[in-house]
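Colleague: Sharing a structure here in structure tokens format.
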Amino acid sequence: MPLLTILPAGKTIEVTEGMSILDALIAAGEKAPEPCGDEAKCGACHIFVHDGRKTVSKMQRLENERLDAIVGVGSKSRLACLTRLGGENVTIELLGFGSGL
């Protein structure tokens, strides 16, 4: 099973391939927002994917458009609600959840 490392805490958890990063965070007991019901309307689940970017799902138009409206977006930015995990290890950084509001 792939591993998800969560920064800045340094917590590492086993995840299931195909699940969203947001679902993995919730399953791990991390405090995570779900204000828009995984519809990419709010951007509250903005994260950085540091390692494993090639194994996660490709960014779709909806996610790209939402990220364009968020302050502090970089090349590693993704929305946890729409990013699906692949078969390899991934390292993400939580940005205080709410950076997209």
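Colleague: Give, rounded to the nearest 20 debye, the magnitude of the charge dipole that the chain has about its Cα centre when Lys and Arg contribute +1 at Cβ and Asp and Glu contribute -1 at Cβ.
Modeller: The calculation lands at about 220 debye.
Colleague: Follow-up question, since we're still on this one. State, as an integer percentage, the relative contact order of the chain based on alpha-carbon contacts under 8 Å between residues 6 or more apart.
Modeller: 42 percent
Colleague: Specify which residue in the list Gly86, Leu7, Gly72 is farthest towards the positive end of the charge dipole of the chain, using unit charges on the beta carbon of Lys, Arg (+1) and Asp, Glu (-1), about the Cα centre.
Modeller: The residue sitting most towards the positive pole is Gly72.
Colleague: Net charge near Lys76: determine it from the other residues with C-beta under 11 Å of the C-beta of Lys76, scoring Lys and Arg +1 and Asp and Glu -1.
Modeller: Taking every Cβ under 11 Å from that of Lys76, the sum is 0.
Colleague: Hey, another quick one. Please work out which option in (1) 85; (2) 161; (3) 172 gives volume of the Cα convex hull per residue in Å³ calculated from these coordinates, and answer with its label.
Modeller: Answer label, from the structure shown: (1).
Colleague: Can you check what the net charge comes to around Val90, using other residues whose Cβ is under 9 Å from the Cβ of Val90 (Lys, Arg +1; Asp, Glu -1)?
Modeller: For residues surrounding Val90, the net value is -1.
Colleague: From the helices alone, meaning DSSP H stretches of at least four residues, give me the mean residue ellipticity at 222 nm for the chain, per-run term -39500 (n - 2.57), in deg cm²/dmol to the nearest 500.
Modeller: It comes out at -4000 deg cm²/dmol, rounded to the nearest 500.
Computed from the coordinates by the stated procedures, all read-outs in this text should not be read as laboratory data. What you are looking at is a predicted structure, and each value in this text was computed from that prediction instead of being measured. Using ideal geometry, Cβ is built from the backbone for each residue, glycine included, and neighbour counts are taken over all protein chains shown.
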